[in-house]
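No lab work stands behind these numbers, since they all come straight from the coordinates. This structure is a prediction, so every number in the text was calculated from the model and none was measured. Note that we place each Cβ from the backbone using ideal geometry, even for glycine, and neighbour counts take in every protein chain shown.
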């Protein structure tokens, strides 16, 4: 081996350290995913093209495909992230409130706030993204999520019927559908320009019709 001194005298240079293989990702994945959520939320699944996504995410198509897969795979991940970041108020209300009535009242109040928040697109991504959707798998996935919410509300109502918190003759299926219709209707009205106060007034009317023990 040639010493440092000998290397200087003979003009030999030390070999540079080997670089790690593979090109490092040049964008923050979570930031890009958040931008995809907002794009799908604003435009819906069908109307959001890959070129729209690469523009708002500020990445090239090869990077999008490498990091997220195709458009449908990206959308599915965006919906899961949306549920955690923006849509979890429904699950929290069902888990934390002592009765189904209190849970639904809270869900509607928080929907009024969330669906009109100026920090992001109005309404609910899970409701809006299915508009004019011609991809059966996407349409079915979103339908399943909406129906799962109604089923969770119905289950909570049935538990209250069993304990007497709701009258024994309550139609849990119809009442849960009513709650689902309110949530979905509030989403559309928020997109049409309804204010938080207007949606809160709707929630009050809905709860005034709630069965009493």
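Full extension of the chain between residue 56 and residue 212 yields a length gain of 51.2 nm, computed as 0.36 nm times the residue separation minus the alpha carbon distance.
First measure r as the distance between the Cβ atoms of residue 102 and residue 29, then evaluate 1/(1 + (r/R0)^6) with R0 = 30 Å and state the FRET efficiency to the nearest 0.05. Don't jump to the answer; show the numbers that get you there.
Details: r = 38 Å, r/R0 = 1.28.
So, using R0 = 30 Å, E works out to roughly 0.20.
Give the relative contact order (percent, whole number) for the chain; include only Cα pairs under 8 Å separated by 6+ residues. Write out the running numbers ahead of the final one.
Numbers: 192 pairs, mean separation 45.9, N = 213.
Here the relative contact order equals 22 percent.
Using a cutoff of 8 angstrom between alpha carbon atoms and counting only pairs six or more residues apart, the relative contact order for segment 31-135 works out to 40 percent. Quick one, which of (1) 56; (2) 43; (3) 62 is the actual percent of Cα pairs over 23 Å apart calculated for this model? Read-out taken from this structure: (1). Could you tell me how many degrees, from 0 to 90 and to the nearest 10, lie between the Cα long axis of helix 172-191 and the main elongation axis, the longest principal axis, of the Cα atoms of the chain? In the chain, helix 172-191 runs at an angle near 60 degrees to the longest axis.
Taking the empirical scaling 2.2 N^0.38 Å for compact globular proteins as reference, segment 27-85 has a Cα radius of gyration ratio of 0.96. Beyond 17 Å, the tail of the calculated P(r) for segment 87-208 holds 57 percent of the Cα pairs. Helix 71-85 axis versus longest C-alpha principal axis of the chain: approximately 60°, rounded to the nearest ten.
Dividing the mean sequence gap of close Cα pairs (under 8 Å, 6+ apart) by how many residues segment 87-208 holds gives a relative contact order of 35 percent. Can you tell me the 0 to 90 degree angle between the C-alpha axis of helix 100-115 and the longest principal axis of the chain, rounded to 10? Compared with the principal axis, the helix lies near 50 degrees. In this structure, residue 197 and residue 135 have a Cβ-Cβ separation that, at R0 = 30 Å, corresponds to a calculated FRET efficiency of about 0.25. Restricting the calculation to alpha carbons of segment 101-159 gives Rg and Dmax of 13.7, 38 angstrom.
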